[in-house]
Amino acid sequence: MAIDKFLVEASHIMMFARSIGDDNPIYYDEDHKSESGSEGIIAPPTFAQSSAQFDPDYFLRPKTGGVGWFGSGKEPTGLKPSGSGGGGGGGAAAGLHAEQHFEYHLPLKAGDVLSATTKPGNAWEKESKRAGKLKFSESVTEYRNQNGDLVITATGVGVQTERPVDS
Amino acid sequence: MLKASEIKVGDTHSEVLVEDLKRTQIVQYAGASGDYNPLHTDEIFTTKIAGYPTVFAHGMLTMGMTGRMVTNYVGDGTLKKYGVRFTSQVWPGDTLTSVATVTELREEDGESLVDLEIVTTNQDGVAVITGSATAKIAS
């Protein structure tokens, strides 16, 4: 995954914060000043994941018109999932999401313009009782701001399971 | 922002993240994050093709809600690190509770930091997320 322009917008931050049930005014009120000294609209800790919106090739978003999408329509599926890696700084695209880690180097603020590059990390296998053979793969995404400064490093681990996970 | 003098190893902060998680909230998260994997929002695909009993929450939705508990405790814009493992799935109807426990207070590169251990559990006491976080604190 490579993202040239991830526009960090106030309305996107507000929608993201609502979706995780967070009504902290630091995520929508530009006049809010926190006790910690933070001011202006900042992004919640996991917001970088929504960079998927700015990845032109993100495969977990239907293409215009929904053609070739693997969700249900007339039939229960349009096609088989492609299972390609990358996307959103997470491993979710490689099956299920096993781990996610963020390192914060600078505050992420509304108005920032990020770019992101993702590199594959380690890969390993494990046997599990609940889902058979597990294939893990790691991806590391670096988010830089408009000045070229590193803002967030995101490491995602995806897991491909042999069968659906028993719950 | 937390103050070093006001916290100690073993202190905890706990919040109920969600009661009776609704499918609509999962749809909201799909829209905001851009992750439209049908496993989270498409009941027919998920039951008939993927073989799960119903749709389930994005791991990142649970990590996001858990992050809300963490930032409510440590303050806005103070996190240095936040990482989790997704240990069990989260289903519609679940009620989640999250706890942060102070594991260490330390200094690094002239900054005062707190390390936290994080666990989010469902209504049956099953851990759905385990992880850790590090935040800046006032010395």
Relative contact order (%) - segment A:2-161, alpha-carbon pairs under 8 angstrom, separation at least six: 24
Of the listed links A:LYS5/B:LYS22; A:LYS109/A:LYS135; A:LYS133/B:LYS48; A:LYS119/B:LYS22, those spanning more than 28 angstrom between alpha carbons are A:LYS5/B:LYS22; A:LYS109/A:LYS135; A:LYS119/B:LYS22
Under 10 Å, Cα contacts only: if you run a Gaussian network model on chain A, which one of A:LYS63, A:LYS74, A:LYS119 comes out with the highest mean-square fluctuation? A:LYS74
Can you give the angle from 0 to 90° between the axis of helix A:10-19 and the longest principal axis of chain A, with both taken from C-alpha atoms, to the nearest 10? 50
For the protein assembly as shown, with the dipole built from +1 on Lys and Arg beta-carbon atoms and -1 on Asp and Glu ones, taken about the Cα centre, which of A:PRO107, A:VAL151, B:ALA138 lies farthest toward the positive end? A:VAL151
Charges at C-beta only: +1 for Lys and Arg, -1 for Asp and Glu. How large is the resulting dipole of chain B about its Cα centre, in Debye rounded to 20? 220
³J(HN,Hα) across segment A:66-79 via Karplus (A = 6.51, B = -1.76, C = 1.60, θ = phi - 60°), whole Hz, x for Gly/Pro? x, 5, x, 6, 8, x, 7, x, 5, 9, x, 9, x, 5
Only Lys, Arg (+1) and Asp, Glu (-1) charged, at Cβ; chain A dipole about Cα centre in debye: 920
With springs only between Cα atoms under 10 Å, which of A:GLY148, A:GLY37, A:GLY132 fluctuates most in a Gaussian network model of chain A? A:GLY37
Please build a GNM for chain B, connecting alpha carbons under 10 Å apart, and tell me which residue among B:PRO38, B:PRO92, B:PRO53 fluctuates the most. B:PRO53
Rounded to the nearest 20 Debye, what is the dipole magnitude of the protein assembly as shown about its Cα centre when Lys and Arg each give +1 and Asp and Glu each give -1 at the C-beta? 1120
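Please compute the net charge surrounding A:ASP55, taking Lys and Arg as +1 and Asp and Glu as -1 over other residues with Cβ under 13 Å from its Cβ. Display every interim value, and only then the final one.
Details: positive: A:LYS5, A:ARG61, A:LYS63; negative: A:ASP4, A:ASP57, B:ASP35.
That sum, taken over residues with Cβ under 13 Å, equals 0.
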Identify all aspartates and glutamates with a Cα-Cα distance to A:LYS126 below 20 Å; exclude those on the same chain that are fewer than 8 residues away in sequence. A:GLU99, A:GLU138, A:GLU162, A:ASP166
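Read-outs throughout are calculated quantities, based only on the coordinates presented, and are distinct from any laboratory measurement. Here the structure is a predicted model, which is why all the values come from computation and not from measurement. Note: ideal-geometry Cβ built from the backbone for every residue, glycine included; neighbour counts use all protein chains shown.
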